[in-house]
Amino acid sequence: MSRSIPSPPYSRRSMLLAGGTALFTTRGLFAEELMATPRLTEGPFYPDHLPLDRDNDLIVIGDSTTPAVGEITHLTGRILTKAGSPVRNASIEIWQCDANAVYLHSRDSNGKKQQQDPNFQGYGKFETAADGGYRFRTIKPVPYPGRPAPHIHIKVSQNGHELLTTQCMMRGYEKNSRDGVFRAAGDKARQELVMADFKPVPDSKIGEWSANFDIVLGRTPDDRQMKQ
């Protein structure tokens, strides 16, 4: 059963920023293309059996009234082209381990049934509208054994073409520099493009967080067709 998550307001400024960092390669409004979000590994735990509930609310599964363990986080952003145009009808998938560091994948969860949170959806999917915006309700990511940097996996597709696989990490987290995938993003400027500010939601009575993570595609299906 799908649930509707209220759409957050988007400002013109959010179109120009990714995770709080300017996307332009040089000064001057629209003078240069935006920097593409770095590609990062899919990792071994993309769900091998997708859940029946695949909506954009990972906190509650189906009609259950028991929420997932963890700090509720509202992850929002836009999918953009390098020219700064919003990408509509793009499919964005996210997946991550639960608050007990267990993925929705048999190779990880089979040996951790007592540890796994049965109320965490573990995977979600959303299709962008005309503004390129997406939104998910999930948990604040936690470290995973061998991965010091808390992270959320992201995959973007459109018209049957997989366009980008990347990860969103927490800006300012002290152990990011020890994480091999984070370092694989490249130099500091490119590392900035795979981080988002996780901020407390003002006046939230349950300690919710918000994070905005804009995604810039280096190539779209239209680009591929033009080059064939």
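Probe of 1.4 angstrom, ligands and nucleic acids ignored: what's the accessible area per residue over the stretch 102-228, in square angstrom?
Working: 6240 Å² over 127 residues.
Counting only protein heavy atoms, the per-residue value for the stretch 102-228 is 49 Å².
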ask   = Applying the Karplus parametrisation 6.51 cos²θ - 1.76 cosθ + 1.60 with θ = phi - 60° to the phi angles of the stretch 185-200, what ³J(HN,Hα) value in whole Hz is obtained for each residue in order, glycine and proline being reported as x?
value = 5, x, 6, 4, 5, 6, 4, 4, 7, 10, 10, 9, 7, 9, 10, x
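On full extension of the chain, what length is gained from ASN110 through ALA83, given 0.36 nm per residue of separation minus the C-alpha to C-alpha distance?
Details: separation 27, 0.36 × 27 = 9.72 nm, distance 4.44 nm.
Additional length available on full extension: 5.3 nm.
Working with all protein chains in place, sort LYS113, LYS175, LYS125 by solvent-accessible area computed with a 1.4 Å probe, largest first. List each step's numbers first, then the result.
Working: LYS113 120, LYS175 75, LYS125 95 Å².
The ranking, largest first, comes out as LYS113, LYS125, LYS175.
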task = Under 19 Å from a label point 7 Å along Cα→Cβ of ARG54: give me every residue in the stretch 62-91 with its amide N that close.
result = 62-63, 89-91
task = Please list the non-local residues whose amide H lies under 5 Å from the amide H of HIS151, H modeled 1.01 Å from N, same-chain partners needing a gap of 5 or more.
result = VAL142
request  = Give the long-range amide H neighbours of MET195: residues separated by 5 or more places, or on another chain, with amide H under 5 Å away, using H modelled in the peptide plane at 1.01 Å from N.
outcome  = MET169
query = Can you give the convex hull volume per residue for the Cα atoms of the stretch 138-228, as a whole number of Å³?
reply = 142 Å³
Listed residue pairs exceeding 20 Å between alpha carbons, taken from LYS140/LYS175; LYS82/LYS155; LYS155/LYS205; LYS112/LYS205; LYS140/LYS199; LYS82/LYS199 = LYS155/LYS205; LYS112/LYS205; LYS82/LYS199
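The values are calculated or read from the model by the stated rules, or taken from the named source; none is laboratory data. Keep in mind that what you see is a predicted model, and the values were worked out from it rather than measured. Cβ atoms come from the backbone with ideal geometry, glycine included; neighbour counts cover every protein chain shown. Note: areas computed on protein heavy atoms with side chains; ligands, DNA, RNA excluded. Shrake-Rupley method; radii C 1.70, N 1.55, O 1.52, S 1.80 Å.
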